[in-house]
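Undergrad: I am attaching a structure below and will ask some questions about it afterwards.
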Amino acid sequence: MGSLGAPQPSSPEKKFATSLTDYSTTHSSKTGPYAENLDIDALIVGAGFAGIFMLKTLRDRGLRTTIYEAGNDTGGTWRWNCYPGAAVDSEVPEYEFSWPEVYETWNWKSNYPTYQELREYFDHVDKVIGVKKDCAFNTVVVGAEFDVKAGKWSVRTADGRVAKARFLVLGTGFAAKRWIPPWPGLSKYRGVIHHSSFWPDAEIPVRSKRCAVIGTGASGVQITQAWGPLASHLKVFQRTPNLALPMQRRPLSIEDQVLRKRFYPELFRYRETSFAGFLYDWAEKNTFDDSAAEREQVYEKAWAEGGFHFWVSIYKDNLFDAEANKESYKFWAKKVRSRIGDPELREKLAPKLEEMPHYFGVKRPCLETDYYEQFNRESVELVDIKSNPISHFTERGIVLADGTEHEVDVVAVATGFDVVTGVMTQLGLKSIDGTSLEEEWAPGAQTYLGTTVSGYPNMFHIYGAHGPTLLSNGPTTVAVQGRWIADTIAKIEANGVKYINPKKEASEEWKRHVIELNDRTLFPTTQSTYMGGSIPGKAYEPVCYAGGLPTYVKQIREALDHWEEGFEVVREAARL
């Protein structure tokens, strides 16, 4: 298996894939992970980093475990994200599994792998530890509920199967529910159009075509870099400037990697001790502890190192103090403005401090290589849709609120996701009280420890709501949350416990804690993924834990040591 292949539209009117159910298929096999009456210890949803980590960890502890995956192969994000230019924004070896049997037999081509290389990596992981034999692909979960009498989950799939499991683990991450604005006329448009995360594997020709990218988040930036040199004309529809950082990608030699691997065990331990799960951390001083000249040196060093260094290895007050943050923004603007030739475009892409679109770093920065240089091309045009938004589509293209029509041949919808919470609310989860998670979370998410939800016994989630998530490196957080989940399950089994259910008051207290941590930062000052995203009508609230990974680990471990304070612990004897 390699590509996602062509989805099956749910209706003839659908022009392109818009939901996971478009990828559901009826399976000829009725055995193994595809059995219609599957009854196992643990069912995992998602075959990305989180799902695979949990599969191996739980299997190693003797649990019969299966993964349900909506796509047709492993890799999670990196099986779905195959749009032009797609690549990871975290460096290796930070961004990989810490299993020696996997890393000892694998070498990377560059420090920031492309989606193609990450797919190869997940295929390698499968060859080493055997993932796919326990995966059911093109399997979309559409409903799940817990039977308190039986102590098991019943999980329904879009093709009609029902599986039973004691434990349900959602390894679905933060970006599995795509957001496509309901623009009128989409079905009328005669050109080629796809959402960036439902991109087909087959190459879409854009050379000498009129192209459009709607959105300037990470996907929009990467597609712009890929299409800028090829398209006859490229229009980039921007609502908010992207405060992107230089990636500084470089090739990696096998010799250097082999020498470095002797230090990997220590590096993997160290990544769990930093605020964001990387191999670097905040400077141990505040911005104005240094003179202007000294600050310049600190900023220059982080800028040259590339990636997220300029985000989470500069001054420790940068995300907390407004005046301190302005200093980092001024440096960012100076660097980027020097790369943009047109004065008007300069003000739109990298405004001066007086017009700063938001504090630097309160939206997770994107990484770029030559994004800003694309706008120096005569063939690349920036279309401002903040004050003049998209109204509708016609057969020929995109129409703005003022009536301006942009005729285009190919459209990339890079509008992102119903971030963090939408991943779980789309699964049809029902509580033991008969309510749905989608209804419960409409006014705002509620979790306990960023890993469990009250009313959903023996259910766990990874890299989702109220965890470090988007403020951290994915594989690092997956490891610390995944080990906690495995240890919690082991404690359940060792103590004759039927199920645990987070107490509502414990969930309410955890949410207050998440809000309190967030309010100490600059995150509440702008609408971002950290505040629930920009879906119309969605609750404006913090969805990520902002206290840093080491503090988070300490708190969830203490909660497990005293689990009866936060959980209703129902023992097997309750059956009598």
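The values are calculated or read from the model by the stated rules, or taken from the named source; none is laboratory data. The structure presented is a predicted model; accordingly, all values stated were derived computationally and were not measured. Methodologically, a virtual Cβ is constructed for each residue, glycine included, from the backbone with ideal geometry; neighbour enumeration extends over all protein chains shown.
Undergrad: Has the stretch 478-495 got any residue that is closer than 25 Å to Ile44 by Cα and among the basic types (Lys, Arg)?
TA: Checking the stretch 478-495: at least one residue is closer than 25 Å to Ile44 by Cα and among the basic types (Lys, Arg).
Undergrad: It is to be established whether one or more residues within the stretch 528-536 are touching a residue at least 60 places away in the same chain (Cβ under 8 Å), under 25 Å from Leu58 (Cα atoms) and buried (at least 19 other Cβ atoms within 10 Å of the Cβ).
TA: No.
Undergrad: Could you list all residues from the stretch 1-18 that are surrounded by 20 or more Cβ atoms within 10 Å (Cβ to Cβ) and at pLDDT 75 or above?
TA: Restricting attention to the stretch 1-18, the residues satisfying the condition of being surrounded by 20 or more Cβ atoms within 10 Å (Cβ to Cβ) are 4, 7, 16-17.
Phe16, Ala17, listed by residue number.
Undergrad: Looking at (1) modelled with pLDDT under 95; (2) over 20 Å from the mean Cα position of the chain (by Cα), which is the only condition Phe198 fails?
TA: Of (1) modelled with pLDDT under 95; (2) over 20 Å from the mean Cα position of the chain (by Cα), only one is false for Phe198: (2).
Undergrad: Quick one: in the stretch 477-505, of everything that is in contact with a strand residue (DSSP E or B) (Cβ under 7 Å, 6 or more places away or on another chain) and surrounded by fewer than 19 Cβ atoms within 10 Å (Cβ to Cβ), which residue is nearest to Ser90 (Cα to Cα)? Before the answer, list the steps.
TA: Here is the first cut: in the stretch 477-505, the ones in contact with a strand residue (DSSP E or B) (Cβ under 7 Å, 6 or more places away or on another chain) are 485, 489, 492, 496-503.
Subsequent filtering for residues that are surrounded by fewer than 19 Cβ atoms within 10 Å (Cβ to Cβ) retains 496, 503.
Numbers: Gly496: 41, Lys503: 36 Å.
Filtering first and then ranking leaves Lys503.
Undergrad: Cβ-Cβ distance below 6 Å, separation of 6 or more or different chains: which pairs start in the stretch 179-196 with a residue that is polar (S, T, N, Q) and end on one that is crowded, with 19+ Cβ neighbours inside 10 Å and not in a strand (DSSP E or B)?
TA: Partner pairs satisfying both residue conditions: Ser196/Tyr83; Ser196/Ser219; Ser196/Ala414.
Yes/no matrix, rows are residues, columns are (1) over 30 Å from Ile385 (Cα atoms); (2) exposed (fewer than 13 other Cβ atoms within 10 Å of the Cβ); (3) modelled with pLDDT under 95:
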| residue | (1), (2), (3) |
| --- | --- |
| Asn242 | no, no, no |
| Glu255 | yes, yes, no |
| Phe263 | yes, yes, no |
| Gly277 | yes, no, no |
| Glu294 | yes, yes, no |
| Val298 | yes, no, no |
| Val312 | yes, no, no |
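Undergrad: When you scan the stretch 203-224, how many residues do you find that are touching a residue at least 60 places away in the same chain (Cβ under 8 Å), touching a Ser or Thr at 6+ places or on another chain (Cβ under 9 Å) and either surrounded by fewer than 19 Cβ atoms within 10 Å (Cβ to Cβ) or among the basic types (Lys, Arg) (or both)?
TA: 2
Undergrad: Restricting the search to the stretch 177-191, which residues are within 18 Å of Gly217 (Cα to Cα) and outside any loop (DSSP other than H, G, I, E, B)?
TA: First, pick out the residues of the stretch 177-191 that are within 18 Å of Gly217 (Cα to Cα): 177-181.
Arg178, the sole residue that qualifies.
Undergrad: Criterion first (in contact (Cβ under 8 Å) with a residue 24 or more places away in the chain, assigned by TED's automatic domain parsing to the domain that holds Arg166, closer than 30 Å to Tyr270 by Cβ and not hydrophobic (A, V, I, L, M, F, W, C)) does Pro502 satisfy it? Show your work before the answer.
TA: Values: in contact (Cβ under 8 Å) with a residue 24 or more places away in the chain: yes; assigned by TED's automatic domain parsing to the domain that holds Arg166: yes; closer than 30 Å to Tyr270 by Cβ: no; not hydrophobic (A, V, I, L, M, F, W, C): yes.
Criteria not met by Pro502.
Undergrad: Quick one: which of Pro550, Pro524 is without any contact (Cβ under 8 Å) to a residue 24 or more places away in the chain and surrounded by fewer than 20 Cβ atoms within 10 Å (Cβ to Cβ)? I'd like the intermediate steps shown before the answer.
TA: Working: Pro550 fails: without any contact (Cβ under 8 Å) to a residue 24 or more places away in the chain.
Only one candidate passes the filter, namely Pro524.
Undergrad: Can you pull out the strands (runs of 3 or more DSSP E) entirely within the stretch 376-476 that have at least 1 residues that are buried (at least 20 other Cβ atoms within 10 Å of the Cβ) and of a type in the set (Gly, Ala, Ser)?
TA: Filter on the stretch 376-476 gives 410-413.
Undergrad: Related question: Val236 is checked against (1) assigned to a strand (DSSP E or B); (2) of a type in the set (Val, Ile, Thr); (3) within 22 Å of Gln116 (Cα to Cα) and fails just one. What number does that condition carry?
TA: The failed condition is (3).
Undergrad: Now a separate question. How many residues does the stretch 201-214 hold that are within 22 Å of Lys177 (Cα to Cα) and at pLDDT 95 or above?
TA: Here the count works out to 2.
Undergrad: Additional query: When Ala490 is evaluated against the numbered criteria (1) in a helix (DSSP H, G or I); (2) in contact with a helix residue (DSSP H, G or I) (Cβ under 7 Å, 6 or more places away or on another chain); (3) of a type outside the set (S, T, N, Q); (4) at pLDDT 95 or above, which criterion, by number, is the only one it fails?
TA: Going through the list (1) in a helix (DSSP H, G or I); (2) in contact with a helix residue (DSSP H, G or I) (Cβ under 7 Å, 6 or more places away or on another chain); (3) of a type outside the set (S, T, N, Q); (4) at pLDDT 95 or above, Ala490 breaks only (2).
Undergrad: Which is at pLDDT 95 or above and β-branched (Val, Ile, Thr), of Thr425, Thr421, Thr447, Thr415?
TA: Numbers: Thr425 fails: at pLDDT 95 or above; Thr421 fails: at pLDDT 95 or above; Thr415 fails: at pLDDT 95 or above.
Every option except Thr447 fails the conditions.
Undergrad: Between residues in the stretch 375-389 that are assigned by TED's automatic domain parsing to the domain that holds Val399 and among the hydroxyl-bearing types (Ser, Thr, Tyr) and residues that are in a loop (DSSP other than H, G, I, E, B) and surrounded by 14 or more Cβ atoms within 10 Å (Cβ to Cβ), which pairs lie under 7 Å by C-beta distance while being six or more apart or on different chains?
TA: The qualifying pairs are Ser379/Ala231.
Undergrad: With the requirement that a residue be farther than 21 Å from Thr77 by Cα and in a helix (DSSP H, G or I), what does the stretch 20-35 give you? First the steps, then the outcome.
TA: Initially, the stretch 20-35 is screened for residues farther than 21 Å from Thr77 by Cα, giving 26-35.
Scanning the stretch 20-35 gives Gly32, Pro33, Tyr34.
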